[in-house]
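Below: the structure, in structure tokens.
The numbers here are math on the coordinates, done by the rules we state, and not lab data. Just so it is clear, the structure is predicted and the values come from calculations on it, not from any experiment. Cβ sites come from the backbone with ideal geometry, for glycine too, and all protein chains shown count toward neighbours.
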């Protein structure tokens, strides 16, 4: 079959200001190797939060900051920026879902022993209030019970500084054995 090219014609803009953002990230395989080498989930999360292991590239890309981790509860924060925006001038729903998915998965992971991980199999979300730069720092709390079966249901809530709920989510995570060759 042939090669398909996508061409987009853009109308000239009157605003020629260019924004630039650069960042770096650590080797994601290093985190995977640490987990496979015998770190329990909470120990892994604490090592990432303390800077002993690199943050996952997705956190660096979005500007998500680890705040705290304890068994069954993990908290992340995000300061909304223009680079999070959709065309309507609001933080893109996918950014909010990404932070909630991260918090819920990490809450599950915080219960797990060495050589065990998780994968999200289902996720539902609700957006309750608009989020933009004026919202200020938002905090996402993920909660998960200790796994009693391979399937665990977790929840997440995003709140602003006044405690107003901005978004919620529920996910199902599948607990599974991980190893050096694992890709998910």
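Just a few scattered comments:
- Ordering of 66-75, 135-144 by packing is 135-144, 66-75, highest average first (other Cβ atoms within 10 Å, averaged per residue).
- Measuring nothing but how far apart in sequence close Cα pairs (under 8 Å, 6+ apart) lie, relative to its length, the chain scores a relative contact order of 22 percent.
- Rg over Rh [alpha-carbon atoms, Kirkwood Rh] for the stretch 28-177: 0.97
- Taking every DSSP helix (H) stretch of at least 4 residues in the chain, weighting each as -39,500 (n - 2.57) and dividing the sum by the residue count yields a mean residue ellipticity at 222 nm of -6500 deg cm²/dmol.
- Residues 101, 27, sorted so that the one with the fewest Cβ neighbours within 10 Å comes first: 27, 101
- Ordering 79, 175, 91 by the number of other Cβ atoms within 10 Å of each residue's own Cβ, fewest first, gives 79, 175, 91.
- Normalised by the number of residues in the stretch 103-184, the mean separation of alpha-carbon contacts (under 8 Å, six or more apart) gives a relative contact order of 40 percent.
- The modelled label-to-label distance for the pair residue 116/residue 159, using points 7 Å beyond Cα in the direction of Cβ, is 2.9 nm.
- For the chain, the longest principal axis of the alpha carbon atoms and the long axis of helix 93-109 meet at an angle near 10°.
- Extension gain, residue 30 to residue 52, is 6.8 nm, computed as 0.36 nm per intervening residue step minus the present C-alpha separation.
- Each peptide in 58-64, 145-151 was scored by the mean count of other Cβ atoms within 10 Å over its residues; highest first, the order is 58-64, 145-151.
- Residue 151/residue 17 FRET efficiency (R0 45 Å; Cβ-Cβ; nearest 0.05): 0.40
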